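Visitor: Let me begin by handing over the structure; questions about it come next.
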Amino acid sequence: MDRRKMFERQEQTVEIRPACPRDIEGWMALVCRVKDDFPGLESAEGLREHREVTLRFMQSGSALCAVRGERLVGALLFSKEAGALCFLAVDPACRRQHIGERLVSSMLAQMDEGKDVAVTTYREGDPRGAAARAFYKRLGFSEGRLGEEFGCPVQEFTLKR
């Protein structure tokens, strides 16, 4: 790709919008690019389950996506009822462009005011969680309880609202 096309691609605006079932193929393509960063997505069964869960979240209005041109570059699932950020991924080629922050901001605008929001990520010391831990801390989330998900040690982070 020549420099001009690369620059144009980087300059395209990213739209944050509700995700819907027609986005599922782009969503799953993104998930396949980042699956090693998430416990439970390493198998075909885990990916199939994620697809089914994502479609349910999309149908209930609890899924957001970031789109640049025709490409889905960010994805977020949340539960308003549980006060939970359930899944957040940004395409590795598009990181450090504030897409994750914009997705979280859009989610928070839909959450009940005053209700805390929780998310889990890998525990301290696991290199797979270093970037996510730093990201959530930068957004004001605080470290919380330790747990386990999909056989992996995780830690909850909470945003007090």
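The values are calculated or read from the model by the stated rules, or taken from the named source; none is laboratory data. Since we're looking at a predicted model, the values are computed, not measured. Cβ sites come from the backbone with ideal geometry, for glycine too, and all protein chains shown count toward neighbours. The accessibility values were calculated without ligands, DNA or RNA, using every heavy atom of the protein model including side chains. Shrake-Rupley method; radii C 1.70, N 1.55, O 1.52, S 1.80 Å.
Visitor: Between residues in the range 104-117 that are under 13 Å from Leu76 (Cα atoms) and residues that are in a loop (DSSP other than H, G, I, E, B) and open to solvent by 10 Å² or more (accessible area, probe 1.4 Å), which pairs lie under 7 Å by C-beta distance while being six or more apart or on different chains?
Guide: Close Cβ pairs (under 7 Å, with a partner that is in a loop (DSSP other than H, G, I, E, B) and open to solvent by 10 Å² or more (accessible area, probe 1.4 Å)) amount to Val104/Leu139; Gln110/Lys80.
Visitor: Which number in (1) among the aromatic types (Phe, Trp, Tyr); (2) more than 22 Å from Asp23 (Cα to Cα); (3) within 11 Å of the chain's Cα centre (by Cα) marks the one condition that Tyr122 misses?
Guide: (3)
Visitor: When the range 55-80 is examined, which residues are found to be within 21 Å of Thr121 (Cβ to Cβ) and charged (D, E, K, R)? First the steps, then the outcome.
Guide: Going residue by residue through the range 55-80, those that are within 21 Å of Thr121 (Cβ to Cβ) are 57, 62-66, 73-80.
Result: Lys80, single match.
Visitor: Checking Gly144 against (1) open to solvent by 60 Å² or more (accessible area, probe 1.4 Å); (2) modelled with pLDDT under 95, which test does it fail?
Guide: (1)
Visitor: Please name all residue pairs, on different chains or six or more residues apart, with Cβ atoms under 9 Å, provided the first residue is in the range 140-157 and is at positive phi and the second residue is open to solvent by less than 40 Å² (accessible area, probe 1.4 Å) and outside any strand (DSSP E or B).
Guide: As it stands, the answer is Phe150/Pro39; Phe150/Gly40; Phe150/Leu41; Phe150/Gly46; Gly151/Pro39; Gly151/Gly40, since those pairs meet every condition given.
Visitor: Please go through the range 84-98 and pick out each residue that is on the phi < 0 side of the Ramachandran plot, of a type outside the set (Asp, Glu) and part of a loop (DSSP other than H, G, I, E, B).
Guide: Our first condition is that a residue be on the phi < 0 side of the Ramachandran plot; within the range 84-98, this holds for 84-95, 97.
With of a type outside the set (Asp, Glu) added as a condition, the list becomes 84-90, 92-95, 97.
If the condition is that a residue be on the phi < 0 side of the Ramachandran plot, of a type outside the set (Asp, Glu) and part of a loop (DSSP other than H, G, I, E, B), then Arg95, Gln97 are the ones that fit.
Visitor: If you check Phe135 against the conditions, is it within 28 Å of Glu15 (Cβ to Cβ), aromatic (Phe, Trp, Tyr) and either open to solvent by 20 Å² or more (accessible area, probe 1.4 Å) or free of Cβ contacts under 8 Å to residues at least 12 places away in the same chain (or both)? Lay out the reasoning, then the answer.
Guide: On the way: within 28 Å of Glu15 (Cβ to Cβ): yes; aromatic (Phe, Trp, Tyr): yes; either open to solvent by 20 Å² or more (accessible area, probe 1.4 Å) or free of Cβ contacts under 8 Å to residues at least 12 places away in the same chain (or both): yes.
Yes: the conditions hold for Phe135.
Visitor: Scan the range 84-112 for residues that are over 18 Å from Gly61 (Cα atoms) and either of a type outside the set (D, E, K, R) or open to solvent by 70 Å² or more (accessible area, probe 1.4 Å) (or both) and jot them down. Before you say what the answer is, go through the steps one by one.
Guide: Within the range 84-112, the first condition is being over 18 Å from Gly61 (Cα atoms), and the residues that meet it are 90-101.
Residues satisfying the conditions are Val90, Pro92, Ala93, Cys94, Arg95, Arg96, Gln97, His98, Ile99, Gly100.
Visitor: Just one of the numbered conditions (1) closer than 28 Å to Thr13 by Cα; (2) surrounded by 16 or more Cβ atoms within 10 Å (Cβ to Cβ) is not true of Ala130; which one?
Guide: Unmet condition: (2).
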